[in-house]
Each structure stands twice: as C-alpha cells, then as structure tokens.
Ligand code: MV4
C-alpha cells in the first residue's frame with residue numbers, strides 16, 4: 001500500500017496519519033477552506049483543498065474527494081469516524097474507483113445502519129436484543145400495545161439512526177403520542193428517514209460496547225469492552241476500559257456474542273457492538289461500523305494499534321492476533337470539548353487563545369489543535385481526547401485529576417470542569433456508573449467557567465506562515481506581520497465569546513413575561529395559542545437546534561398575550577417567541 005487519503009479532519013485525521021507513518025505509507029490530507037492551516041493539513045505528506053467550510057461542501061463532498069483521490073493517485077482511503085465513515089455509497093464508490101477502502105464491506109455498513117435490520121441479524125446470530133418490535137412503526141397504537149405488554153418506560157428510536165440521536169423516552173401514556181411524533185421529526189431531520197421503532201427502555205443500565213476486528217480470511221478477534229455510560233444528550237463524555245466490575249466470565253461471554261454477530265454479518269475491519277448491561281444480562285443495542293472516538297482506551301489496555309490493524313487488514317493481511325490479549329491496567333478517556341457544562345453543555349466555539357496539553361506518566365493526548373486553532377461551529381466541537389492509563393482504576397483517577405488541572409485552555413469554555421466534578425462523584429469513584437449518572441443525577445450548572453485574560457493590547461511583529469495553492473495543491477511560505485498582543489506576553493488575545501444565556505430550563509424569560517429562544521433554531525411546534533393561560537415550567541413550544549428538539553418552557557404563569565412566531569420560523573438566540581402577562 002503506497003498511499004492513504006484520509007477523508008476526515010481533526011484528531012482522527014492526525015491519528016490515521018500517524019498510523020500510516022508507522023507503516024511507511026505516504027499520507028494525503030483533504031481540507032476545507034477553514035482548515036487550510038489545520039494541524040492535519042500541515043502534517044500530511046500532501047494536502048488538497050476539497051471545498052468551503054460547510055461539511056456538505058467539503059468533507060461530505062464525495063465527488064470532489066474522489067476527484068482528489070484520482071488526481072493524487074492514492075492507493076487507499078481511510079474515512080475516520082463521522083462524515084462519510086458509515087456511508088455505504090461512499091465505500092462502494094471508493095472501491096469502484098479502484099481504491100482500497102479501509103473499512104467494512106458496504107453490505108455490512110448497510111445492514112448495521114438500519115437498526116431494525118441489525119436487530120434481526122443479531123437475533124438470527126443468537127444475540128438477544130433489548131425487548132422491542134423489529135419493524136417500522138406505522139401508528140402510535142403499536143407503541144401503546146407494546147407498552148401495555150412490556151410496561152413503561154419505552155424508547156422510540158430512529159430506524160436509520162444511531163448514537164441515541166432521535167431517541168425519545170416515554171414514561172407514561174400521556175407523553176407517548178408526542179414522543180412518537182417528535183422521534184419521527186428528529187429522525188427526518190437527522191437522517192432524512194422518519195421511520196422509528198420501539199424498545200423497552202432499560203433504566204440505569206450500563207452501556208457496554210465491545211471492540212471486534214475481522215480480517216478478509218475469516219478470522220475475528222474480540223479486543224475487550226468499554227464502558228460508555230457517561231453521556232450527555234447521547235454525546236459520550238467519558239469512556240473507560242475495562243468496564244468496572246465486569247467479571248472475566250462476563251467479558252468472555254459478551255465477547256462471544258459480539259464475534260457471533262460479526263461473523264454472521266460477514267464483517268471486516270474494526271467494529272463496535274453495543275450492548276446494554278442490566279441485571280447481569282447483555283442486550284444488543286446496535287453495531288457501529290467504523291473506528292470509534294474511544295478506540296484509544298482499548299489500544300492502551302489491550303496493547304493493539306487498531307488503526308494500523310485496519311490498514312493491514314485492508315491490505316489483505318491476516319489479523320496480528322486472533323486471541324484476546326490479557327487486559328493490562330486500566331484506561332479512561334475524557335473528551336475535551338468546547339462546551340459550557342454550566343449551560344447544558346451548549347457548544348462554545350472560538351479561538352484557543354492559550355492551549356497547552358498535559359503530559360507525564362500515564363498521559364496521552366490525541367488532538368488536532370495547537371494554540372491559536374479555531375474550534376469552528378461548522379464541525380464537531382471536540383478539541384482533544386485526554387487518555388489516562390495506570391496499573392488500576394484508582395491510579396488512573398489520580399493521574400486524570402493531575403492532567404485535567406494541568407491542561408491549559410483559554411478562549412473557549414470546556415468540559416474540563418465537568419470531568420473534575422465527575423472525578424469527585426461517589427458513584428463514579430465506586431465504579432457504579434450508569435446511564436443515569438450524568439444525564440439525571442449530576443448537576444453541572446454550578447461548575448466554574450474558566451475566564452480568558454482581558455489584557456490591554458500592544459502592536460508587535462510576529463512570524464507567520466502563508467499558505468498558497470498551486471493547481472489545488474498546498475504550499476507554505478514564511479513571513480513577518482504586525483499583530484496585537486498582550487503586553488510582554490507575546491500572546492494574541494481574542495475577545496471571549498459569551499454562550500447564549502440559558503435559564504435552568506431550555507427556554508428563558510428575558511424581562512417581564514418575554515419567552516426568548518435560548519439558541520438559534522427552528523420552531524417546529526407551538527403548544528399554546530394567544531389568549532390561553534400557561535403555568536410556570538409548562539412547555540410552550542419546541543425549538544429544533546443542532547437537529548435536536550428542545551422544549552421551551554414558560555418561567556412565569558399567566559396569559560399568553562402575544563405569539564411572536566409561528567411553526568417553521570427560524571429564530572436566532574435571544575429572539576422573543578411570545579409574551580406572557
Ligand atoms: C437505550 C437505553 C436504554 N434502553 N435503549 C444511547 C446511545 C445509543 N447507543 C443508545 N443509547 C441508549 N439506548 C434502551 N432500550 C440507554 C441508552 C443510553 C443512554 C440513554 C440515555 C442517557 C444516556 C445514555 C448513555 C448510554 C446509553
């Protein structure tokens with residue numbers, strides 16, 4: 001394999017470049033206009049512009065990516081995660097264009113991308129799913145009947161979904177119809193497919209995912225499990241390996257289940273089979289057909305480089321190990337995101353005015369940023385992954401506290417204060433993690449937000465690099481320019497961005513009786529009419545933002561004397577939605 005084009009950006013692009021380097025393989029990066037100076041762009045052996053900032057015009061631009069792959073004469077393409085990583089059409093187009101696809105067969109991507117089909121495949125492989133209906137729902141009456149048989153709560157999920165996107169939980173008959181409709185709307189918004197299915201919702205279950213790898217010669221190996229229960233709005237925050245409290249027999253059992261499904265699906269490359277673990281039983285949830293963000297903790301504990309393994313498999317080689325290695329020590333990954341935990345983890349894009357990664361014993365940081373990098377609203381707001389290892393979980397926790405305090409990030413809010421709070425939580429410290437811990441039991445509204453320096457500015461010459469393109473290919477030249485700096489610090493400072501203020505509920509009342517939008521979005525439902533009365537805390541409308549639906553609630557009781565929006569309106573953060581007196 002002579003070269004690999006990485007169809008991705010950020011930390012995973014850097015990760016794949018490093019793996020390719022280890023194997024002596026030439027690397028080709030793609031970048032959007034916004035990423036011309038990004039770390040991954042400069043790190044690769046060559047880099048190609050694929051379009052403008054919006055992902056749809058660049059990192060999702062299949063035609064342009066394949067055009068670059070052709071012009072650069074790349075041997076193989078690695079998709080990373082997100083973007084096109086689980087796009088079966090892209091995988092097929094890569095192979096049809098004569099390149100090697102570093103990932104699973106399109107057939108396996110399609111099978112596991114349809115959550116109902118994946119459940120049927122699991123059942124046929126003898127892998128039990130969460131109790132549910134393995135067919136697309138056509139009427140809320142089917143959900144009512146299911147709930148009558150299995151009891152509440154029930155989970156309504158997008159058939160074309162995954163990762164919890166579009167997941168709605170109904171805890172009684174009152175909210176059932178709204179949950180059914182809302183799940184369908186979100187499924188349409190996220191995946192362009194409104195179909196949904198229903199499962200029994202397992203409260204306080206643990207989210208255990210298993211790492212498997214299969215080569216092209218029928219070999220498969222189970223590479224341990226990860227606990228990913230600590231999530232916020234279905235975005236993982238903390239992942240660890242091995243899962244606290246799992247016995248070797250339970251580990252072996254869940255590994256057999258995962259391998260059985262992978263073999264039945266004709267799987268190849270890296271894959272993750274997700275389970276819910278409740279009352280000593282494993283229930284299949286879904287299978288992810290990509291390398292995952294949290295693959296790192298498995299690498300650290302099981303001693304396998306999963307990305308170089310993917311590349312070798314795609315090159316037709318056999319697995320480097322077909323037996324599960326003994327786990328050594330413990331690893332925990334903390335996602336360092338540009339989000340404000342005190343405001344419901346709302347994204348807080350901006351410039352990393354100051355950025356310095358921690359180091360020392362047991363510390364690995366996978367990032368695609370440096371000081372001055374922009375965390376953009378156009379892409380995922382993950383800054384880096386802090387991976388901490390040690391002989392046992394207690395040592396990891398001590399080292400993690402040290403590293404999180406040592407981590408210097410100024411210019412955006414981050415999840416660091418939330419992680420420090422989690423590391424003080426009794427349930428977490430005792431290994432009693434569950435999906436309820438972050439979502440329902442912890443309160444992050446009082447975490448301390450870091451404050452950027454506000455210093456007077458001076459003028460100074462600074463060394464700069466100028467990036468130019470010749471024929472779509474990137475070159476860098478050096479020059480010196482005037483910049484504004486803080487006195488004596490040699491550092492540029494940027495105005496701090498305030499995240500839109502959020503009250504405790506999703507909505508917020510700015511001034512007497514005005515309900516305003518907490519963030520930019522679209523009004524998808526209005527529950528009340530002008531003239532109707534409303535109680536404090538009662539939902540008055542639904543705002544769709546970042547493809548998730550947010551219930552906007554009144555903060556005071558009274559009569560709605562004026563509706564300022566209608567369904568379909570796009571509103572900006574702070575826009576008045578209605579007036580209550
Ligand atoms: C569930 C569940 C409980 N019961 N399904 C979330 C992400 C996606 N992989 C599936 N997820 C879940 N599906 C049923 N039937 C619990 C989760 C779940 C979760 C749910 C709410 C809040 C945090 C969570 C963390 C991990 C898994």
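Every residue, every condition in (1) within 13 Å of the ligand (Cβ to nearest atom); (2) touching a residue at least 60 places away in the same chain (Cβ under 8 Å), yes or no:
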site: 136; (1), (2): no, yes
site: 142; (1), (2): no, no
site: 147; (1), (2): yes, no
site: 158; (1), (2): yes, no
site: 161; (1), (2): yes, no
site: 164; (1), (2): yes, yes
site: 174; (1), (2): no, no
site: 183; (1), (2): yes, no
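Hey, does the range 289-298 have a residue that's on the phi > 0 side of the Ramachandran plot and either in the same structural domain as residue 414 (by TED's automatic domain parsing) or within 16 Å of the ligand (Cβ to nearest atom) (or both)? Even if it seems obvious, please write down each step before you answer.
We begin by selecting, within the range 289-298, every residue on the phi > 0 side of the Ramachandran plot; these are none.
No - not one qualifying residue is present in the range 289-298.
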Scan of the range 258-271 for residues that are out of contact with any helix residue (DSSP H, G or I) (no Cβ under 8 Å at 6 or more places or on another chain) and within 16 Å of the ligand (Cβ to nearest atom), ordered by number: 258
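Looking at the range 462-483, is at least one residue farther than 16 Å from residue 573 by Cα and at pLDDT below 60? First the steps, then the outcome.
As a first pass, look at the range 462-483 and keep what is farther than 16 Å from residue 573 by Cα: 462-483.
Add one more test, that the residue is at pLDDT below 60, and what stays is none.
Looking through the range 462-483, none of the residues is farther than 16 Å from residue 573 by Cα and at pLDDT below 60.
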Filter pass, residue 204 being within 11 Å of the ligand (Cβ to nearest atom), outside any strand (DSSP E or B) and under 23 Å from the mean Cα position of the chain (by Cα): yes
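Output the residues belonging to the range 433-454 that are at pLDDT 85 or above and within 16 Å of the ligand (Cβ to nearest atom).
433, 434, 435, 436, 437, 438, 440, 441, 442, 443, 444
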Residue within the range 223-235 that is in a loop (DSSP other than H, G, I, E, B) and assigned by TED's automatic domain parsing to the domain that holds residue 401 present: yes
Residues of the range 207-234 classified as within 26 Å of residue 268 (Cα to Cα), at pLDDT below 95 and either surrounded by fewer than 22 Cβ atoms within 10 Å (Cβ to Cβ) or more than 8 Å from the ligand (Cβ to nearest atom) (or both), total: 0
Within the range 12-119, helices (runs of 4 or more DSSP H) holding 2 or more residues that are within 30 Å of residue 285 (Cβ to Cβ) and in contact with a strand residue (DSSP E or B) (Cβ under 7 Å, 6 or more places away or on another chain): 88-96
All strands (runs of 3 or more DSSP E) inside the range 280-392 with 2 or more residues being in contact with a helix residue (DSSP H, G or I) (Cβ under 9 Å, 6 or more places away or on another chain) and either surrounded by 22 or more Cβ atoms within 10 Å (Cβ to Cβ) or without any contact (Cβ under 8 Å) to a residue 60 or more places away in the chain (or both): 281-288, 330-337, 363-367, 382-390
Boolean, residue 531 is surrounded by fewer than 16 Cβ atoms within 10 Å (Cβ to Cβ), at pLDDT 85 or above and assigned to a loop (DSSP other than H, G, I, E, B): yes
Every pair of residues 6+ apart whose Cβ atoms lie under 7 Å, when the first sits in the range 434-445 and is within 19 Å of residue 208 (Cβ to Cβ) while the second is outside any loop (DSSP other than H, G, I, E, B) and more than 9 Å from the ligand (Cβ to nearest atom): 437/427; 437/428; 438/237
Any chance residue 67 is free of Cβ contacts under 8 Å to residues at least 60 places away in the same chain, farther than 16 Å from residue 4 by Cα and more than 16 Å from the ligand (Cβ to nearest atom): no
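The values are calculated or read from the model by the stated rules, or taken from the named source; none is laboratory data. All figures in this text were calculated on a predicted structure; none of them were measured in a lab. Neighbour counts are summed over all protein chains in view; Cβ atoms, including those assigned to glycine, are modelled from backbone coordinates with ideal geometry.
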